[in-house]
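Engineer: Quick one: the structure is below, questions incoming.
All of the numbers you see were taken from the coordinates with simple rules; none came from a lab. Predicted model only: the values in this text are computed from it and were never measured. All Cβ positions, even for glycine, are placed from backbone atoms using ideal geometry, and neighbour counts span all protein chains on display.
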Amino acid sequence: MFKAQYALRSLLLLWALTQNAGAADTHVQQQALALLQQVYDLEESILIPDKDQLFVMFDKEMGAAILVERIEVFLDEQLVTNRVFSTADLLKFMDRGIAPISARLVPPGEHRLKILLHSMNQPVISSELQFHKGSSPQFIRLNLLNNKVELLNWSGR
């Protein structure tokens, strides 16, 4: 924790020094502010890990013709979830349904989510989403409509 406090003080000093600089140094000011934001996000992540949660929800709209067999979730190129659907799960989704697919702790920053949807009646469908994880929980909605899959940032409301 001492190292984080030292880094924060150093960044604040750097930012204060850039306040007296001319307009040509606005790039340095922007970099200092970006570093301050990263330190803040990291500190929040350490102190309140619940804010690091990433939720991936599966939403099957009425009329989607895909019989989902399995969904693989990759976060930053690593497989984090391999959800296999049972017959009972498929019956729940015959009309419409929402189901949690993955819940994980993810640090703040830039991330890439990739979904591979395996079905009984279609070739594998792939979808990707690049997103910025801030210092609050992140919800991603995997929407299945007709024969298409889309990934969306979702408020959950």
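Engineer: Expected output is a single nm value to one decimal: the length gained when fully extending between Phe139 and Gln31, i.e. 0.36 nm times separation in residues minus the C-alpha distance. What is it?
Structural biologist: Length difference between fully extended and current span is 36.1 nm.
Engineer: Going by how many other beta carbons lie within 10 Å of each one, how would you line up Thr87, Thr81, Thr26, fewest first?
Structural biologist: Ranked by crowding around the Cβ, least crowded first: Thr87, Thr26, Thr81.
Engineer: A further question on this structure: Modelled label-to-label distance, Val84 and Gln38, 7 Å Cα→beta-carbon offset: nm?
Structural biologist: 4.1 nm
Engineer: Given 0.36 nm per residue, what is the gain on full extension from Phe131 to Leu67 after removing their alpha carbon distance, in nm? Provide the component values of the computation, followed by the final result.
Structural biologist: Values: separation 64, 0.36 × 64 = 23.04 nm, distance 2.79 nm.
The Phe131-Leu67 span can extend by a further 20.2 nm.
Engineer: Please work out how much length the chain gains when fully extended from Trp154 to Glu110, using 0.36 nm per residue of separation minus the C-alpha to C-alpha distance, in nm with one decimal.
Structural biologist: 14.2 nm
Engineer: While we're on this one: Got a sec? How would Ile125, Ile71, Ile66 order by Cβ neighbour count within 10 Å, fewest to most?
Structural biologist: Ascending number of Cβ neighbours within 10 Å: Ile125, Ile66, Ile71.
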